[in-house]
Amino acid sequence: MSTRLSKTVTIPELAELIDLHLSDSDTDIKNPSWRVLDSSISGRGIFAVRDIKESEIIFRERALLAGPTAHKNSKLNTCCVCYCQLTGNDTDILCKLGCSMPVCENCSISERHSRECETFRRWKPKDLSKVNPHSLRIVTVMRCIFLNEEERKLLISLQANSDKYYRVEVQRAADCFQCFPKQPEMLEWFYRTICVLNTNAFEGRSNVGNHEVFVRALFPLAGLMNHRCVPNATHSFENGETIIVRAARAIARGEEIVTTYAHILWSNLARKIFLGLTKHFMCQCQRCLDPTENGTYLAALLCREPKCKGLVLPIQTKTLQPDWHCLTCNTIFPHAKMARYQDFALNTINNRINTSSVSDMITFINEMCPKFCPPSNYVLVEAKLNVIWRMSRFNKDEYTEEQKQHRDRYRVEILEILKKLGAGDCTLRKLIMEEIQ
Ligand SMILES: [Zn+2]
Ligand SMILES: [Zn+2]
Ligand SMILES: [Zn+2]
Ligand SMILES: [Zn+2]
């Protein structure tokens, strides 16, 4: 179970702490286009204080805390400070002073690394032969030691869901050192930081040089953006530790500036489950209240009645197990039956994605999928997106004209869905448009 740690500052206090924090972010804090206010969506939010044009930069923000994501399967050969790519085997890329962090030559003598290096060496890493993802993941958290008083206040003022499971991150890291801190105040401070990170942090993909890096970063201002399933703002990352928030469409004065915490192409039900489990809330935006999702039918499955080939959609309710309704023959299906069917479609399609070549995938999407899944279903749409990415990133020159035509058609379909949703110049649209150029 998760409980919410209470907030401790008023909005004017918070705004002041955020201004202080933004002063090194190359953003205009004297005349901003936004303001922090109470939000009807949840807690606090960011609001436009003047009309903002489509694609206009709303703010840039440097992370309060950031570090390598260091998930199990992520590449660990990244400098802990500047995120450049490191080459060589593990013993080559680890700091020569024995702190157990991968670090580049330049950063190894930087002031920032020196104090972190000293901290890790004081904790005595157990294994200096390889990069350990658990000790690497705690780097972001450990950096909270070096925050100044205002930055600490800001960190504490951010909403945090606490969850016993979050202590595992500290335990796993502690196992990597002989002298990991034992003082309860220090451990509580780490734990609180992890709760804040898990509630607010962005796990962003950005390019440093030609190297793709994954950074877990806390942006107190960007983190105040509430969620809508069709957001009016979009964000991107620069050099790992800076976030740039732009207007995805024109935003009117007084409107709340919102982002999305879920994948924009997921269906109502898929987003609802994801948001409930990871963010502990139920979205009630216009898209969530419309079973057709602005006529995109992203959730649709085929009717199970013999001879009826109608589309079946979940009935809009507050539960995670709604009944489903056929738009053609009006039959009502219990959730369990349709959930099994949706899982079947999801597993069948995802297995194919993981095991098939691009060429087999195109045949499967075009010839097999229509037999069990409407073309509008989000799982099938995501499969098309997968083909688009694979064709642009790998073996670019190997594809036939016919395969390229299928890819182009998928792109048009997905852009059409985004348009129907009213997503404006959202991140996904940007990525697809960049590829076309
Ligand atoms: Zn570096
Ligand atoms: Zn070091
Ligand atoms: Zn919603
Ligand atoms: Zn039917």
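Things worth noting here:
- Complete set of residues in the stretch 156-174 that are of a type outside the set (Asp, Glu) and in contact (Cβ under 8 Å) with a residue 40 or more places away in the chain: ILE156, SER157, LEU158, GLN159, ALA160, ASN161, SER162
- Take the conditions (1) of a type outside the set (A, V, I, L, M, F, W, C); (2) modelled with pLDDT of 95 or more; (3) over 29 Å from the mean Cα position of the chain (by Cα); HIS113 misses just one of them, which is (3).
- When ARG152 is tested against (1) without any contact (Cβ under 8 Å) to a residue 24 or more places away in the chain; (2) more than 12 Å from LEU65 (Cα to Cα); (3) not small (Gly, Ala, Ser), only condition (2) is not met.
- Just one of (1) within 23 Å of PHE146 (Cα to Cα); (2) more than 11 Å from ligand 2 (Cβ to nearest atom); (3) out of contact with any strand residue (DSSP E or B) (no Cβ under 7 Å at 6 or more places or on another chain) fails for LYS124. It is (3).
- Residue satisfying all of: in the stretch 297-321; aliphatic (A, V, I, L, M) and over 16 Å from TYR378 (Cβ atoms); nearest to ligand 1 (Cβ to nearest atom) among these: LEU320
- Residue in the stretch 289-298 that is out of contact with any Leu (no Cβ under 8 Å at 6 or more places or on another chain), within 30 Å of SER40 (Cβ to Cβ) and touching a residue at least 60 places away in the same chain (Cβ under 8 Å) present: yes
- Any hit, the stretch 343-356, residues being in contact with a helix residue (DSSP H, G or I) (Cβ under 6 Å, 6 or more places away or on another chain), more than 16 Å from ligand 3 (Cβ to nearest atom), over 28 Å from VAL230 (Cβ atoms) and touching a residue at least 12 places away in the same chain (Cβ under 8 Å): yes
- Note on the stretch 321-373: among residues that are in contact with a Phe, Trp or Tyr (Cβ under 7 Å, 6 or more places away or on another chain) and part of a loop (DSSP other than H, G, I, E, B), the one that is nearest to TRP266 (Cα to Cα) is ASP323.
- Within this structure, LEU128 fails the test of being buried (at least 17 other Cβ atoms within 10 Å of the Cβ), over 21 Å from ARG62 (Cα atoms) and either in contact (Cβ under 8 Å) with a residue 60 or more places away in the chain or more than 16 Å from ligand 3 (Cβ to nearest atom) (or both).
- Contact map, the stretch 96-116: first residue in contact (Cβ under 8 Å) with a residue 40 or more places away in the chain and away from ligand 4 (no atom under 16 Å from the Cβ), second residue among the hydrophobic types (A, V, I, L, M, F, W, C) and not in a helix (DSSP H, G or I), Cβ cut-off under 9 Å, separation 6 or more or different chains; pairs are SER100/LEU94; SER100/LEU128; SER100/VAL131; SER100/CYS176; SER100/PHE177.
- When LYS272, LYS318, LYS309 are screened for being touching a Leu at 6+ places or on another chain (Cβ under 8 Å), within 13 Å of ligand 3 (Cβ to nearest atom) and free of Cβ contacts under 8 Å to residues at least 60 places away in the same chain, only LYS272 passes.
- Here is the figure for the stretch 242-252: residues that are under 23 Å from THR69 (Cα atoms) and surrounded by fewer than 21 Cβ atoms within 10 Å (Cβ to Cβ) total 2.
- Tallying residues that are within 16 Å of ligand 4 (Cβ to nearest atom) and either of a type outside the set (Val, Ile, Thr) or crowded, with 19+ Cβ neighbours inside 10 Å (or both) within the stretch 253-312 yields 16.
- Flag if TYR341 is crowded, with 17+ Cβ neighbours inside 10 Å and modelled with pLDDT of 95 or more: no
- Test: residue in the stretch 215-235 that is surrounded by 21 or more Cβ atoms within 10 Å (Cβ to Cβ) and within 20 Å of ASN132 (Cβ to Cβ): yes
- Sole exception among (1) surrounded by fewer than 17 Cβ atoms within 10 Å (Cβ to Cβ); (2) away from ligand 1 (no atom under 16 Å from the Cβ); (3) over 30 Å from THR10 (Cβ atoms); (4) β-branched (Val, Ile, Thr) for ILE138, by number: (1)
The values are calculated or read from the model by the stated rules, or taken from the named source; none is laboratory data. Computed from a predicted model, the values in this text were never measured in an experiment. Neighbour counts are summed over all protein chains in view; Cβ atoms, including those assigned to glycine, are modelled from backbone coordinates with ideal geometry.
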